[in-house]
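The structure appears right after this line, and notes come after that.
Quick note: the coordinates plus some simple rules give every number you see, no bench work behind them. Model, not experiment: these values are computed from the prediction. Using ideal geometry, Cβ is built from the backbone for each residue, glycine included, and neighbour counts are taken over all protein chains shown.
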């Protein structure tokens, strides 16, 4: 008699041999019904409006984006108006642009990238961000893989792109006007499903030719749901502690938004009503200055930066007392470095961000 595969995951490692999928060993996270049309944009801001989110009801005054260099700030309500304006403008100016089309994005982190990402995702358009330091040859290959219907770049990065593309410059007056235009075309008729493509990201190419990696809206929804569920549990525990004081979370982004880590952490921050401090170009001293100036509570970093924080004597010159947590992602973090970090920054929680 043939041996049948078990129907449920292994309780020791979460692996299900029938589906070849690993399942979490922790408690199940509630997810919206798969049959219910839902984009990561709508899901993210449904969480933001949740009564359990501390900033709910204060969107007009809570700052979402802060420019680390200039101090410029944008509130959540203004940001959402910009998303609506840009979505309407894109449908009006580019009527051939439709759901499931791909938008290639080549830009350093700036105020305009987050609003562009969420506008495109709300329209069911697949975003495909790339490293602005990529060579023209690398970019040509990525464009061949993703076959974009439209490309967004800056005046500097556009010079490396192939010709004959439908191009929009993020630092042009045209794009700025698209953020401020009153919505003239309805976008409510766009139906985005869980299984629709949300992003095409690119592998590093260290073990072979660069490949495009597809993430669906469901992939992002599940990841954000897990983080949000964990955060709610943490908040409930904090409420039970005596003399607990709410401190508005402020995240500093040292990781580029074209990277999967930066993309995920940005959406996570939006879903939780955090303020996000953006650095267009990373500089270690400016990072320390930003933590002190904007009372940053959380930093998302790559492992090498954890090493620098441990080894550098410069950190002692800045007030980092507001810092509560550092999330390291993109690569494994060594045990020895983790222990050295905890010894140097005993008040800061260090953890590795894993994306499944």
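A few notes on this one:
- When restricted to residues that are closer than 27 Å to residue 268 by Cβ and surrounded by 21 or more Cβ atoms within 10 Å (Cβ to Cβ), the stretch 123-141 contains 8.
- Some residue of the stretch 140-147 being over 14 Å from the mean Cα position of the chain (by Cα), in contact (Cβ under 8 Å) with a residue 60 or more places away in the chain and under 15 Å from residue 91 (Cα atoms): no
- The set of residues in the stretch 91-110 that are within 22 Å of residue 76 (Cα to Cα) and out of contact with any helix residue (DSSP H, G or I) (no Cβ under 9 Å at 6 or more places or on another chain) contains only 110.
- Test: residue in the stretch 331-349 that is under 25 Å from the mean Cα position of the chain (by Cα), buried (at least 18 other Cβ atoms within 10 Å of the Cβ), assigned to a loop (DSSP other than H, G, I, E, B) and in contact (Cβ under 8 Å) with a residue 40 or more places away in the chain: no
- Residues (closer than 23 Å to residue 219 by Cα and in contact with a strand residue (DSSP E or B) (Cβ under 6 Å, 6 or more places away or on another chain)) located in the stretch 122-142: 125, 126, 127, 128, 129, 130, 142
- Residues that are out of contact with any strand residue (DSSP E or B) (no Cβ under 8 Å at 6 or more places or on another chain), surrounded by 12 or more Cβ atoms within 10 Å (Cβ to Cβ) and under 13 Å from residue 112 (Cα atoms), drawn from the stretch 147-175: 171, 172
- Pairs where the first residue, in the stretch 23-36, is more than 17 Å from residue 10 (Cβ to Cβ) and the second is surrounded by 11 or more Cβ atoms within 10 Å (Cβ to Cβ), C-beta under 6 Å, 6+ apart: 29/225; 29/226; 29/229; 31/225; 32/38; 34/194
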